[in-house]
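Okay, so here's the structure we're looking at.
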Amino acid sequence: MNIVDPVARLGRSGLDFFQRLGRAHILFFNILSGLHTLLLRFGLVIQQVYSVGVLSLLIILVSGLFVGMVLGLQGYNTLVDFGAAESLGVVVSLSLVRELGPVVTALLFAGRAGSALTAEIGLMKATEQLSAMEMMAVDPIRRVLAPRFLAGVISMPLLAAIFSAVGVIGGYFVGVGLLGVDSGAYWSQMQAKVGLYDDVMNGVIKSLVFGVVVTWIAVFEGYDAVPTSEGVSRATTRTVVHSALAILGLDFILTALMFGAY
Amino acid sequence: MMTTRTAEIWVGIFVAAGLAALFMLAMKVSNLSSYTSGGGYDVIARFDDASGLKVRSPVTMAGVTLGRVSQIGFDPKTYQAVVTMRIESRYNKLPDGTSANIYTAGLLGEKYIGLLPGPASNPCQDEKLQAQLEGRKPDLKGLKCGPQYLKQGSVIKLTQGSLILEKLIAQFISKFMDKSDDKKQGK
């Protein structure tokens, strides 16, 4: 008996993992199949875009500005050694549009909006609001989860675009305003080297994928949380951790697909 | 609790700001403004050496981008690189004697193709002159009259491939060595 115990534990944890994965996918498809009903009640989505997107604006604006400014400083210090300080705009915009914009926005989004979604839904479950809805023949997936999911998917690319745009302006402040890079060179080099489809659109696709994944994780963790205060707190932590891991892992895969040698 | 109306206004502002940011990234940051809409014609040039040239490298004349490299292939018979360039259709009056060179932007910059305008051939005129010299009647059957321009599928005959820095240095060093050898022998 004693010898078999660890094996059984391993098997149980494996089964648990796959059960959770299965539940997550069932929930995902349930949400997707419920999305079309939202067209009739778009007010719900707008309400959620407000709490998920608009309320995240401040952190996105401020961090975008500072990330762009740091990129300007760091890029300038390296480029000036090669006498290529005019390429600062390219460095700042490419790193923002391709990588930092989508990734940092998604990480902040997971921390700011994802955790709030999980906590809200988890608490709804803990206080049996979701069960009450079911009693009244209201599908909580369509009424509660789907609008939040759609709001996250809508907000994420917009937030990432704002982040990148503000970052480019931040880099401009530091590079042109502080360090004396030529203003025309900053913009013209950028326009010459940054491609609309290769860079900007790929960044948008990345942020869209991150938006789907982060919101999915957040909504699922909340819906699947153990309905106790401890369970909700654990689910919230898991949302942030799993989102961050998923974002960084997926970012590598997406980058390899978009900019890799294949 | 925020009223629905205020939330809606804020969401409207948010979405507008997001779209404006995307628009700014597209117009101000990326090269959309210099993008071609795909219309144009393909011209082929064969280079002995096309190293450093990439698909989408610019094709310029007098420093103005007229098109982009659309394809780079290899001809196993002549062992040359076959570069297909897509030139924008509004630049359709390039003489067929145009030559193509691969240049480098700056010292370490990217490679691009520079076109140099050459004379436009005129088979009709040539035949007339030839006939006049030989004292016979010009046979203009199947010949095109008027100056000829590059068009879809034209091949640029005069080309010069990439200059490789190592090769240049090697040539320079060997010349230098020769000279110093000469001097020694002269003394």
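The values are calculated or read from the model by the stated rules, or taken from the named source; none is laboratory data. This one's a predicted model, so the numbers in the text were calculated from it and none came from an experiment. Don't worry about glycine lacking a Cβ; one is built from the backbone with ideal geometry, like all the others, and counts go over all protein chains shown.
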Applying the selection to the stretch A:43-69, what residues are more than 10 Å from chain B (Cβ to nearest Cβ) and either loosely packed, with under 15 Cβ neighbours inside 10 Å or of a type in the set (Gly, Ala, Ser) (or both)?
A:58, A:62, A:63, A:66, A:68
Within the stretch B:136-161, can you find the residues that are among the small types (Gly, Ala, Ser), at pLDDT 80 or above and over 19 Å from residue B:92 (Cβ atoms)?
B:161
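So, residue A:206, is that one surrounded by 20 or more Cβ atoms within 10 Å (Cβ to Cβ), within 14 Å of chain B (Cβ to nearest Cβ), over 17 Å from residue A:31 (Cβ atoms) and not small (Gly, Ala, Ser) or not? Break it down into steps so the answer makes sense when it comes.
Working: surrounded by 20 or more Cβ atoms within 10 Å (Cβ to Cβ): yes; within 14 Å of chain B (Cβ to nearest Cβ): yes; over 17 Å from residue A:31 (Cβ atoms): yes; not small (Gly, Ala, Ser): yes.
So residue A:206 passes the test.
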Just give me the residues in the stretch B:74-108 being surrounded by fewer than 17 Cβ atoms within 10 Å (Cβ to Cβ) and aromatic (Phe, Trp, Tyr), in sequence order.
B:74, B:79, B:103
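Any chance the stretch A:173-180 includes a residue that's within 17 Å of residue A:68 (Cβ to Cβ) and within 13 Å of chain B (Cβ to nearest Cβ)? Spell out how you get there, then give the answer.
Step one: filter the stretch A:173-180 for residues within 17 Å of residue A:68 (Cβ to Cβ), giving A:173-179.
Narrowing further to those that are within 13 Å of chain B (Cβ to nearest Cβ): none.
No, every residue in the stretch A:173-180 fails to be within 17 Å of residue A:68 (Cβ to Cβ) and within 13 Å of chain B (Cβ to nearest Cβ).
Just the residues that are among the hydroxyl-bearing types (Ser, Thr, Tyr) and buried (at least 20 other Cβ atoms within 10 Å of the Cβ), please, taken from the stretch A:70-86. Walk me through how you get there before you give the answer.
From the stretch A:70-86, those among the hydroxyl-bearing types (Ser, Thr, Tyr) are A:76, A:78; that's our starting set.
Passing the criteria: only A:76.
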Against the conditions (1) closer than 30 Å to residue A:201 by Cβ; (2) under 29 Å from the mean Cα position of the chain (by Cα); (3) in contact (Cβ under 8 Å) with a residue 60 or more places away in the chain, where does residue A:119 fall short? Just the number, please.
(1)
Condition check for residue A:108: closer than 30 Å to residue A:74 by Cβ, more than 14 Å from every other protein chain (Cβ to nearest Cβ) and surrounded by fewer than 24 Cβ atoms within 10 Å (Cβ to Cβ):
yes
Being more than 9 Å from chain B (Cβ to nearest Cβ) and either surrounded by fewer than 17 Cβ atoms within 10 Å (Cβ to Cβ) or over 23 Å from residue A:217 (Cα atoms) (or both) is the filter here, so list the residues in the stretch A:152-168 that pass it.
A:167
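For the stretch B:126-158, which positions are surrounded by 14 or more Cβ atoms within 10 Å (Cβ to Cβ) and under 29 Å from the mean Cα position of the chain (by Cα)?
Scanning the stretch B:126-158 gives B:143, B:147, B:148, B:149, B:150, B:154, B:156.
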Does the stretch A:236-246 include one or more residues that are surrounded by fewer than 16 Cβ atoms within 10 Å (Cβ to Cβ) and farther than 28 Å from residue A:70 by Cβ?
yes
Could you tell me how many of the residues in the stretch B:30-64 are at pLDDT 85 or above, surrounded by 11 or more Cβ atoms within 10 Å (Cβ to Cβ) and within 14 Å of chain A (Cβ to nearest Cβ)?
1
Scan the stretch A:214-235 for residues that are of a type outside the set (Gly, Ala, Ser), farther than 17 Å from residue A:17 by Cα and surrounded by fewer than 22 Cβ atoms within 10 Å (Cβ to Cβ) and jot them down.
A:227, A:228, A:230
